[in-house]
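Below is one structure, written out as structure tokens, with a few remarks after it.
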């Protein structure tokens, strides 16, 4: 796969990687309480953090369809972690541990109702996730059509699409890191973490 000729994203990959690493630096040596709710939520948030790094790596090696598919998985891990922390009953946490969980849309509705402060942002993320990203998860027509151009076997992504992939992963990755801090005994780190993210997200996404 040779996408280098049409897409130049190296500086943005490096910026996303540095941001992800900075987020993880906040999480080093944090202590999470041992109750099932906190542990279940933190486990999902950590999955979202792992996917953050994986998406960046996939973009780095030009595996764009795989990165797009993993965005949906990252988002679902974050929503589940948030729902367990803020909404789930003890019985629902137990069901989750046994492999049963509510529908993603139902969880989003409950989270929005409980955490109205950033409900609009969650709605934007959810619309992006359940829309085109599902096609990449299931190798649908949109994902397949991006693999070849009209007259050659080359991916047809534009630079702006890839910047959006990185930005989506960064936003969800930040909220997952913030969720872990909020679950920890070091909640005093939250303002500093939020400030670092605010400075980072002021960086504009260039047009293709």
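Rule-based calculations on the coordinates, nothing more; no lab input. In this text the structure is predicted, and so the values were computed from the model without any measurement. Cβ placement follows ideal geometry from the backbone for every residue including glycine, while neighbour counts extend to all protein chains displayed.
Computed FRET efficiency, Cβ-Cβ of residue 124 and residue 98, R0 35 Å: what is it to the nearest 0.05? Before the final figure, lay out each step's value.
Details: r = 32 Å, r/R0 = 0.92.
For residue 124 and residue 98, the calculated efficiency is 0.60.
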Inter-label distance for residue 13 and residue 164, nm, one decimal - labels placed 7 Å from Cα along Cα-to-Cβ: 2.1
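Give me 49, 98 sorted ascending by neighbouring Cβ count inside 10 Å, so fewest comes first. Can you show the working numbers first?
Working: 49 25, 98 8.
Fewest to most other Cβ atoms nearby, the residues stand as 98, 49.
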Sequence of 201, 174, 96, 62 once ranked by neighbouring C-beta atoms within 10 Å, starting from the fewest: 201, 62, 96, 174
Sorted by Cβ neighbour density within 10 Å, fewest at the top, the residues 45, 107: 107, 45
Distance (nanometres) between label positions extended 7 Å along Cα→Cβ at residue 38 and residue 60: 3.3
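What is the extension gain from residue 21 to residue 154, computed as 0.36 nm multiplied by their sequence separation minus the C-alpha to C-alpha distance, in nm to one decimal? All intermediate terms of the calculation are to be shown ahead of the outcome.
Numbers: separation 133, 0.36 × 133 = 47.88 nm, distance 3.16 nm.
Contour length minus the Cα-Cα distance gives 44.7 nm.
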